[in-house]
Amino acid sequence: MKSALITGITGQDGSYLAELLLDKGYAVHGVVRRSSTESFERVAHLADRITLHQADLNDLASLTTVVQEVHPSEVYNLAAQSFVPTSWKQPLLTSDITAIGVTRVLEAIRLVDPKGIKFYQASSSEMFGKVRESPQNESTPFHPRSPYGVAKVYGHFITVNYRESYGMYGVSGILFNHESPRRGKEFVPRKVTDAVARIKLGLQKELRIGNLEARRDWGYAGDYVRAMWLMLQQERPEDFVVASGKMHTVRDLVRIAFDHVGLDWQKHTVQDPKFMRPAEVDLLLGDASKARRVLGWEPEVSFEQLIRMMVDADLKRNGG
Ligand code: NAP
Ligand code: F7E
């Protein structure tokens, strides 16, 4: 039986990936960090089918112990400080977890079984930042615009370096924004769909938002974790861009979400400079033709379907 170890299993992607791997017959193990209150909400429904191990991306010994004990066939490194605005407020913590943390996971694998354990690194379209060309593909140069983006560039290249230095099967998946009803409420799509549901139900007065002109290539997390798994099933380790190939503004997102509940977005939305960033990524648009060609990967959920699915889930969650 194949086994997988997922760092960040309690996050959005970790929960969908765990479900996918269980469906494929894997023994699924996850890394969780110690906290005074356990918040395993996203994987609660899988509690009796997965095994959780305490370790931290900032602690090499704990990671090595888990990799030794589990000796997985595949490691998916999804753990990160993943919220871009926090990366300006806590740049060193972000670097420790999101950048150096990748080296710690790679070192744990190198110490235990560098040739036998495959490694997936959760890289990000934020690495493209101030984009040099559009759409962005695997050979587009990076120009990150936040400490988070800078940390992800480090994670990307250390993965490439361990592959080239030690012959490890390590891949970097450059994923564009992907969302779901399990997305954290601080990210803009979920912030919007939760606010729309609450406004519709009379629980909230308005949506306060930042840059409405920012453009992103948004997809559904359930589709994107399939690409992660496919990347580890190839003969040769290679890096891939994973994206929908369609771009929308934050304004489109807000309008579609309000439209779905029959409300006029302009009557309920207030722009607030508090949510503007010190340096913005104006637009991201991915070219996933390599993933389509080599992995046979295709997204199944459209942007409009995704937003409606998230609004419906938030209506339900808020008692509607
Ligand atoms: P997420 O919901 O924020 O989950 C992050 C996970 O990392 C959580 O399980 C968190 O644990 C864990 N974590 C944070 N610090 C840790 C530490 N020091 N030690 C161990 N675990 C730690 O992120 P996501 O949206 O699922 O994204 C998964 C990965 O893909 C991240 O690396 C993210 O940067 C990257 N990515 C995401 C997107 C996207 O659009 N979602 C796009 C490209 C790349 P707690 O539950 O304890 O906080
Ligand atoms: O912002 C604008 C904001 O926080 C998207 C992470 O998963 O994807 C995510 O990073 C855009 C930005 O995601 C608000 O300025 C406007 O232009 O949803 P977000 P992100 O920064 O793109 C990448 C690929 C990752 O790797 C990251 O881990 O929306 N925006 N008004 C706002 N953003 C937020 N959060 N809140 C607002 O009120």
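Could you tell me which of the residues E107, E138 is away from ligand 2 (no atom under 16 Å from the Cβ) and surrounded by fewer than 21 Cβ atoms within 10 Å (Cβ to Cβ)?
E107
Can you go through R208, R190 and tell me which one is of a type outside the set (G, A, S), outside any loop (DSSP other than H, G, I, E, B), surrounded by fewer than 19 Cβ atoms within 10 Å (Cβ to Cβ) and in contact with a helix residue (DSSP H, G or I) (Cβ under 8 Å, 6 or more places away or on another chain)?
R208
Among residues belonging to region 166-183 that are under 13 Å from the mean Cα position of the chain (by Cα) and not in a loop (DSSP other than H, G, I, E, B), point out the one that is farthest from ligand 1 (Cβ to nearest atom).
Once the filter is applied, the top-ranked residue is S172.
Do we have V250 as more than 16 Å from ligand 1 (Cβ to nearest atom) and touching a Lys or Arg at 6+ places or on another chain (Cβ under 8 Å) here?
Criteria not met by V250.
Pick from region 270-292 the residues that are over 17 Å from G149 (Cα atoms) and among the basic types (K, R): which of them is nearest to ligand 1 (Cβ to nearest atom)?
By that ranking, first place goes to K290.
Restricting to region 76-102, give me the number of residues that are more than 14 Å from the chain's Cα centre (by Cα), within 11 Å of ligand 2 (Cβ to nearest atom) and closer than 19 Å to F157 by Cα.
So the answer is 1.
Do any residues in region 135-154 that are touching a residue at least 40 places away in the same chain (Cβ under 8 Å) have Cβ atoms under 6 Å from those of residues that are surrounded by fewer than 19 Cβ atoms within 10 Å (Cβ to Cβ) and polar (S, T, N, Q), where the two are at least six apart or on different chains, and which pairs are they?
A151/S95
Looking at (1) assigned to a loop (DSSP other than H, G, I, E, B); (2) within 14 Å of ligand 1 (Cβ to nearest atom), find the lone condition where S123 falls short.
Only one criterion in (1) assigned to a loop (DSSP other than H, G, I, E, B); (2) within 14 Å of ligand 1 (Cβ to nearest atom) is unmet by S123, namely (1).
Name the residues in region 24-41 that are more than 8 Å from ligand 1 (Cβ to nearest atom) and closer than 9 Å to I9 by Cβ, would you?
Once the filter is applied, which keeps residues that are more than 8 Å from ligand 1 (Cβ to nearest atom) and closer than 9 Å to I9 by Cβ, region 24-41 yields V28, H29, G30.
Among R255, R251, R226, which is the only one that is free of Cβ contacts under 8 Å to residues at least 60 places away in the same chain, assigned to a helix (DSSP H, G or I) and either under 19 Å from the mean Cα position of the chain (by Cα) or crowded, with 18+ Cβ neighbours inside 10 Å (or both)?
Exactly one of R255, R251, R226 is free of Cβ contacts under 8 Å to residues at least 60 places away in the same chain, assigned to a helix (DSSP H, G or I) and either under 19 Å from the mean Cα position of the chain (by Cα) or crowded, with 18+ Cβ neighbours inside 10 Å (or both), namely R255.
Considering each of E280, E300 in turn, give the residue that is under 30 Å from N137 (Cβ atoms), modelled with pLDDT of 95 or more, assigned to a loop (DSSP other than H, G, I, E, B) and more than 16 Å from ligand 2 (Cβ to nearest atom).
Residue meeting the stated conditions: E300.
Among the residues of region 21-75, write down those that are modelled with pLDDT under 95 and more than 22 Å from the chain's Cα centre (by Cα).
S36, T37
Quick one: which residue in S35, S39, S73 is of a type in the set (S, T, N, Q) and closer than 21 Å to Y224 by Cα?
When all the criteria are applied, what remains is S73.
The values are calculated or read from the model by the stated rules, or taken from the named source; none is laboratory data. Nothing here was measured: the structure is a model prediction, and the numbers come from that model. Every residue, glycine among them, receives a Cβ derived from its backbone with ideal geometry; neighbour counts consider all protein chains shown.
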